[in-house]
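Student: Sharing a structure with you now.
Read-outs throughout are calculated quantities, based only on the coordinates presented, and are distinct from any laboratory measurement. Bear in mind the structure is a predicted one, so any value in this text is a computation, not a measurement. All Cβ positions, glycine included, derive from the backbone under ideal geometry; neighbour counts span all protein chains shown.
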Amino acid sequence: MLGLNDIRKGKMITLDGQPYLVVSAEFLRKQQRKPVVRSILKHVKTGQTREHSFQQSDKVPEADIERKVCQYLFANGNQYTFMDGSTYEQFELTADSLGDLPRYLLEGQNVDILFFEGAPVSVDIPIKVDRKVIEAPPGVRGDTSGNVMQDVTIEGGAKIKAPLFINTGDSIRIDTRDGTYVERV
């Protein structure tokens with residue numbers, strides 16, 4: 001059980017029977033009052049955030065989260081199939097639980113999957129991934145004043161904004177948190 005002083009950013013806790021990640025935790029102590037930890041919690045399954053204040057007497061259990069390296073196999077409609085590399089067990093996750101991540105998944109790619117009480121709940125992919133540009137319109141001479149961006153298509157079918165000097169066949173690095181171009185590789 002975690003006490004008031006143990007609730008910190010990055011901890012996984014169970015609140016009301018659901019797994020949460022502590023996104024931020026701020027210790028507050030006002031005059032003549034008991035200390036409080038005001039926190040923002042992110043639900044591991046749905047990704048929704050909520051605010052919660054922990055009192056001095058509150059005790060919360062640490063979430064039983066297991067992290068496994070799994071391989072992405074294929075997509076079948078709205079279902080995405082993964083395989084545990086150690087047991088070769090296959091399981092599926094829906095597009096709703098993955099959010100925006102399928103744009104950056106390639107068949108055969110290794111990802112970290114979080115399991116809560118034995119069931120897969122969420123997928124973690126690296127913050128920056130390298131992808132090959134499949135389609136990019138040719139840059140026109142004279143369009144280089146300022147920070148001009150073009151729409152390019154990368155492996156997996158995602159469209160992102162990249163500078164005009166990026167051509168078809170180039171490899172680029174992408175930030176998966178917001179889908180932005182970082183650099184040419």
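Student: Dividing the Cα radius of gyration by the Kirkwood radius, what Rg/Rh value follows for region 65-124? Walk me through the numbers on the way to the answer.
Tutor: Working: Rg = 10.4 Å, Rh = 11.4 Å.
Looking at region 65-124, the ratio lands at 0.91.
Student: Another question, then. Within the chain, what's the longest stretch lacking trypsin sites (Lys or Arg not before Pro) that sit in DSSP loops with no more than 14 other Cβ atoms inside 10 Å?
Tutor: 60-140
Student: Another question, if that's okay. Most fluctuating residue of Ile127, Ile166, Ile65 in a GNM of the chain with Cα springs under 10 Å: which is it?
Tutor: Answer for the Gaussian network model of the chain: Ile127.
Student: Same structure again: How about region 1-106: which chymotrypsin sites (Phe, Trp or Tyr not before Pro) there are in a DSSP loop, with at most 13 other Cβ atoms within 10 Å of their Cβ?
Tutor: Tyr88
Student: Let me ask something additional. Restrict the search to region 91-130; then list the GluC sites (Glu not before Pro) that DSSP places in a loop and that have at most 12 other Cβ atoms within 10 Å of their Cβ.
Tutor: Glu107, Glu117
Student: For the chain, please report how many Lys pairs fall under 20 Å Cα to Cα, leaving out neighbours fewer than 8 apart on the same chain.
Tutor: 15
Student: Using Cα pairs closer than 8 Å and at least 6 residues apart in sequence, work out the relative contact order for the chain, in percent. Mind dumping the intermediate values first?
Tutor: Values: 384 pairs, mean separation 25.7, N = 185.
Rounded, it is 14 percent for the chain.
Student: Quick check on the chain: take the gyration tensor over C-alpha atoms, sort the square-rooted eigenvalues as a ≥ b ≥ c, and tell me if it's rounded (a/c under 1.5), prolate or oblate.
Tutor: Numbers: a/c = 3.52, a/b = 1.63, b/c = 2.17.
Oblate is the answer for the chain, as a/c is 1.5 or above yet b/c matches or exceeds a/b.
Student: Most mobile of Gly108, Gly99, Gly77 per a Gaussian network model of the chain (Cα springs, under 10 Å)?
Tutor: Gly77
Student: Could you work out the relative contact order of region 65-124? I mean the mean sequence separation of Cα pairs under 8 Å and 6+ apart, divided by the number of residues, in percent.
Tutor: 38 percent
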